[in-house]
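Working notes for the structure below.
The values are calculated or read from the model by the stated rules, or taken from the named source; none is laboratory data. What you see is a predicted model; the values in this text were computed from it and never measured. FYI the Cβ positions are ideal-geometry reconstructions off the backbone, even for glycines, and counts take in every protein chain you see.
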Amino acid sequence: MKLISWNIDSLNAALTSTSPRALLSQAVLDTLALHDADIIAIQETKLSATGPSKKHLEILSERFPAYDIAWRSSVEPARKGYAGTMFLYKKELTPVITYPEIGAPTTMDVEGRIITLEFDNCFVTQVYTPNAGDGLRRLAERQIWDEKYADYLAELDAVKPVLATGDFNVAHKEIDLAHPSSNRQSPGFTDEERLGFSNLLAKGFVDTFRYLHGDVLNAYTWWAQRSKTSKINNSGWRIDYWLTSARIAKAIKRSEMIDSGTRQDHAPILLEIDL
């Protein structure tokens, strides 16, 4: 299986806008299409509660004609046009699709953050983990989310192996961001969030990138848009992951970032596994 995950930061903009940033996003979509993956996971779609429009579906069908779509949007009482996830999967695949709620606090369960595909031999699930927020105002709720999500993956893993991906909004170790010392209290690198990710892995999962590449440095998946030179200087963070159940780790063949050119924000990540 070949699988790709990408936080797109607005599917509507990527599909319908003609802004310079949208053109960069469209170039990434072109790259993804060339990979001909079995499954593509997309986070932060920012679509309305009714999901992709007719125009969105037409454009997706043109760009990815071999794929069916599963989507989930943020719904009231959560914010509109917020978060959201989508799977594109090859038409010959016939997964059972679920949209789990994990008992998360506040409105997190209705922000469209998790979709799971069940196959005969595995689960493929994606997540857009809530950000701790400016001033860490949502950190306490984020900690509860991390516990609930880890329990959810463990429940899946008790049934069959799991491939879990998405924007986890945490740089796990100091080598996962360019400037750890100056980001100790930044969202995504607090001790609490890093511990939450460690606890998740301890339930029987591996970070596939580190499993294959060890402690390689300067490998990131996100570069801040607010800094014009963040990508030029490779001042990034690795916050997007492909995880697998530890018992199938030996089946992992590739786990790497896909070049997103000059576009800042998230880069797509690729997993190849022989199940």
* Can we say residue 221 is surrounded by 17 or more Cβ atoms within 10 Å (Cβ to Cβ), closer than 18 Å to residue 129 by Cα, touching a His at 6+ places or on another chain (Cβ under 8 Å) and of a type in the set (S, T, N, Q)? -> yes
* residue 241 touching a Phe, Trp or Tyr at 6+ places or on another chain (Cβ under 7 Å), in a loop (DSSP other than H, G, I, E, B) and not acidic (Asp, Glu) -> no
* For the stretch 249-267, state whether one or more residues are within 23 Å of residue 156 (Cβ to Cβ) and without any contact (Cβ under 8 Å) to a residue 24 or more places away in the chain. => yes
* Structure fact -> Counting only residues in the stretch 70-112 that are touching a residue at least 40 places away in the same chain (Cβ under 8 Å) and touching a helix residue (DSSP H, G or I) at 6+ places or on another chain (Cβ under 6 Å), the one surrounded by the most Cβ atoms within 10 Å (Cβ to Cβ) is identified as 104
* Structure fact -> Checked pairs for the stretch 213-242, first within 15 Å of residue 189 (Cα to Cα) and without any contact (Cβ under 8 Å) to a residue 40 or more places away in the chain, second outside any loop (DSSP other than H, G, I, E, B) and among the hydroxyl-bearing types (Ser, Thr, Tyr), C-beta under 7 Å and 6 or more apart or across chains, list as none
* To do: Could you check how many residues of the stretch 193-236 are more than 17 Å from the chain's Cα centre (by Cα) and assigned to a strand (DSSP E or B)?
  => 0
* **strands (runs of 3 or more DSSP E) contained in the stretch 10-125 and holding at least 1 residues within 20 Å of the chain's Cα centre (by Cα), within 20 Å of residue 268 (Cα to Cα) and basic (Lys, Arg)** => 67-72, 85-90
* Residues that are among the acidic types (Asp, Glu), more than 22 Å from residue 133 (Cβ to Cβ) and either buried (at least 16 other Cβ atoms within 10 Å of the Cβ) or in contact (Cβ under 8 Å) with a residue 60 or more places away in the chain (or both), drawn from the stretch 146-184 -> 157
* **The listed residue being more than 20 Å from residue 146 (Cα to Cα) and modelled with pLDDT of 95 or more, out of 180, 187** => 180
* Any hit, the stretch 192-203, residues being surrounded by 15 or more Cβ atoms within 10 Å (Cβ to Cβ) and under 18 Å from residue 6 (Cα atoms) -> no
